[in-house]
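Right, one structure below, let's go through it.
Here, each number is a calculation from the coordinates, and none is a lab measurement. All values reported here derive from a predicted model rather than from experimental measurement. For neighbour counting, all protein chains shown are included, and Cβ atoms are generated from backbone atoms with ideal geometry for every residue, glycine included.
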Amino acid sequence: MTGQRNPTPAFGEHDHKSCAHDVLEAADRLVREAGLRLTPVRRRTLEILLEQHRALGAYEVLERLASDGFAHQPPVAYRALDFLVANGLAHRVRRLNAFTACMHPGESHAPVFLICSSCDAVAELSEAAVSAALRQSADRIGFQIDRMSLEAVGTCPACRDKASQ
């Protein structure tokens, strides 16, 4: 993946097919390098998450997997999602109780999610400055952060444009 990528593709014009392809290619490489397997159900789960820049609930993923011929029992989706999250290929967006593909696989980062309250689009930022500021504030009070993700809710540019018309 190049440094030329739009850092917030969910909210801007971009070649989504290329965006999803780059992330899937990075995921394949990372899993292979870790000696793990991106089984057909894991791979399809990641592909489903990459279809749109929005978070999907586990049952939405399960329905899609079932329609693609995979088993229809909840553990199928949850196991695949757990694998993707544990290996840095997806994130859980707690505010939505849903999952989204990691747009920065293989990069050490604390994700910052911008969530549109109108259309549920989710942009993932990898903002080192935000992470550093939070760690610095935590350090001042003696708190050690082990992991973090930040979620901000607002309105995306497309929904703001629609509302102003």
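Qualifying trypsin sites (Lys or Arg not before Pro) in segment 123-165, where qualification requires a DSSP coil assignment and no more than 12 other C-beta atoms within 10 Å, comprise Arg147. Listing Ser131, Ser108, Ser117 from fewest to most neighbouring C-beta atoms within 10 Å gives Ser108, Ser117, Ser131.
The relative contact order of segment 14-164 comes to 20 percent, based on Cα pairs under 8 Å that sit 6 or more residues apart. Length gained on full extension, Ser126 to Thr39: 28.6 nm, using 0.36 nm per residue less the C-alpha separation.
Could you compute the longest span of the chain free of GluC sites (Glu not before Pro) located in DSSP loops and having at most 13 other Cβ atoms within 10 Å, not counting the site residues?
It works out to 108-165.
Each DSSP beta bridge with both residues in segment 14-164 is either parallel or antiparallel, and the antiparallel ones are about 65%. Each part gets one Cα centre, and for segment 21-74 versus segment 81-97 those centres are 11 Å apart. Extension gain, Glu47 to Ser164, is 38.7 nm, computed as 0.36 nm per intervening residue step minus the present C-alpha separation.
With contributions of -39500 (n - 2.57) from each DSSP H run of at least four residues, the per-residue ellipticity at 222 nm computed over the chain stands at -14000 deg cm²/dmol.
Measuring max minus min along each principal axis, the C-alpha atoms of the chain give extents of 49, 47, 31 Å (largest first).
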